[in-house]
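This report concerns only the one structure given below.
The values are calculated or read from the model by the stated rules, or taken from the named source; none is laboratory data. Here the structure is a predicted model, which means the values were calculated and not measured. Positions of Cβ are generated from backbone atoms using ideal geometry, with glycine treated the same way; all protein chains shown enter the neighbour counts.
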């Protein structure tokens, strides 16, 4: 009996200490656009259980909208794709944006992404941020960019990316994505969101983006897998039970 309990604890300990694998990302399939309120683009994200509608609005207009065909700006410098060294992949993101879909920006000002259902841990990939920058209403982590950790350069070359946090007062902050050179990379927002709002910090023609998710909020956060702390406490409980059993014998 004690051996079985210890074996169960060992299994849970391995679950607790196993490295977190990169996530496969479901990327937006951009489909249509119109001139409502400046520019509005529509797309869908198909996850393992849901199809979400994605709406992008920019009252200031954009540079161009590429929903199918055209140049693959998500490929590595020199042509072709290799997700093992892509500027858009990392130990958190397994696959680069699919297709050639991209929204290219050129004007300073505020813009918004809206999802028809709350999504989890959205990732935001960008092309040629150049002398521009983005100021987001949500905190983010920089996961990758060309030249970091052996990643290849992006379509227009490479540069560095970094985050700058601006205190706007009243408990409000702006989380800025800035860079040098020609940054191509991916950032991730942690948590569940229905909207993401940001501003382009300058007029620069052009810099582009697309967005993907790990899944919906229900798929990622409403699951039955116990948290690491729960696993640890349960395992310690098993060890205590094993000790009691041995003393009784």
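Points worth noting:
- Test: residue in the stretch 72-80 that is within 19 Å of the chain's Cα centre (by Cα), more than 19 Å from residue 191 (Cα to Cα), surrounded by fewer than 16 Cβ atoms within 10 Å (Cβ to Cβ) and modelled with pLDDT of 95 or more: no
For every residue, the table says whether it meets (1) in the same structural domain as residue 209 (by TED's automatic domain parsing); (2) surrounded by 21 or more Cβ atoms within 10 Å (Cβ to Cβ); (3) in contact with a strand residue (DSSP E or B) (Cβ under 7 Å, 6 or more places away or on another chain).
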| site | (1), (2), (3) |
| --- | --- |
| 118 | yes, no, yes |
| 124 | yes, yes, yes |
| 135 | yes, no, yes |
| 138 | yes, no, yes |
| 150 | yes, no, no |
